[in-house]
Amino acid sequence: MNARVAALALLTAACAGGPDGARDITGAAVDLRAVAPGTVRVLIFTSHECPIANAYAPTLRALAARFRAEPVEWFIVHVDPDLAPAAAQRHAADYELPGRVVLEPAQATARRFGVERTPEAVVLTHSGAQYVGRIDDQWQALGSRQTTASSHDLGDAIAAVVGGAKPANAHRTAVGCLLPEPSSR
């Protein structure tokens with residue numbers, strides 16, 4: 001009887017997605033928190049409707065190129081509750097976003113790490129979150145954008161972690177669009 005209960009629990013988890021309900025655009029379950037030892041995982045929480053998140057596409061491409069030779073995995077995590085996989089794939093192609101595209105309509109991972117806005121980044125290792133926050137300081141406030149960033153928080157955090165150190169700042173408040181109301185699915 002216990003084997004049946006365990007099998008049912010496994011089947012239910014597989015149908016729901018990863019442990020937090022995340023699925024990539026092919027429908028495959030994704031555990032966003034499962035990072036292999038020696039690997040750095042970067043989660044970029046985004047919304048296809050957020051102009052600030054969309055404006056960061058060139059910066060994200062540049063960061064992915066900068067760390068291409070390092071063991072860094074990129075995940076673009078859509079928190080939109082009603083975004084279809086095909087629309088997420090189109091969005092990633094239109095903006096040339098780096099990494100694996102994931103849908104997390106219930107926003108469980110975002111909530112777990114205290115993510116409140118898009119875009120907001122989380123840098124993870126096998127030991128857990130090393131950095132949570134803004135990509136850089138180009139946006140000082142809503143409607144207030146500098147032409148260039150003077151603080152490159154995400155890049156600095158990734159460089160520190162890749163080099164075996166802790167980021168100088170483990171959290172930087174992000175400026176962007178509030179997360180939409182999550183889906184209950």
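Values in this text are rule-based calculations from the coordinates and carry no lab data. Please read all numbers here as calculations on a predicted model, not as lab measurements. So basically every Cβ, Gly included, is an ideal-geometry build from the backbone, and we count neighbours across all protein chains shown.
If you fit an axis through the alpha-carbon atoms of helix 153-162 and take the longest principal axis of the Cα set of the chain, what angle between them do you get, 0 to 90°, nearest 10?
60 degrees
Counting each DSSP H run of 4 or more residues in the chain as -39500 (n - 2.57), what helix-only mean residue ellipticity at 222 nm follows after dividing by all residues, to the nearest 500 deg cm²/dmol?
Mean residue ellipticity at 222 nm (helix-derived): -8500 deg cm²/dmol.
Using the alpha-carbon atoms, what tilt in degrees (0 to 90, nearest 10) does helix 2-16 show relative to the longest principal axis of the chain?
40 degrees
As an exercise, identify the trypsin sites (Lys or Arg not before Pro) in the stretch 50-107 lying in DSSP coil whose Cβ has no more than 10 other Cβ atoms within 10 Å.
Within the stretch 50-107, the qualifying trypsin sites (Lys or Arg not before Pro) (loop, at most 10 other Cβ atoms within 10 Å) are Arg68.
Would you mind ranking Asp20, Asp156, Asp80 by Cβ crowding within 10 Å, fewest neighbours first?
Ranking Asp20, Asp156, Asp80 by Cβ neighbours within 10 Å, fewest first, gives Asp156, Asp20, Asp80.
Could you compute the net charge surrounding His152? Neighbours are other residues with a C-beta less than 15 Å from the C-beta of His152; K and R count +1, D and E count -1.
0
For the stretch 2-178, list log₁₀ I(q)/I(0) at each q in 0.08, 0.12, 0.19 Å⁻¹, using the Debye formula over Cα point scatterers of equal strength and ignoring solvent, two decimals each.
-0.24, -0.53, -1.29
Within 10 Å of each residue's Cβ, count the other Cβ atoms and sort Thr173, Thr46 from fewest upward.
Fewest-to-most Cβ neighbours within 10 Å comes out as Thr173, Thr46.
For the chain, find the longest principal axis of its Cα atoms and tell me its angle to the long axis of helix 85-95, 0 to 90°, nearest 10.
Its long axis makes an angle of about 20 degrees.
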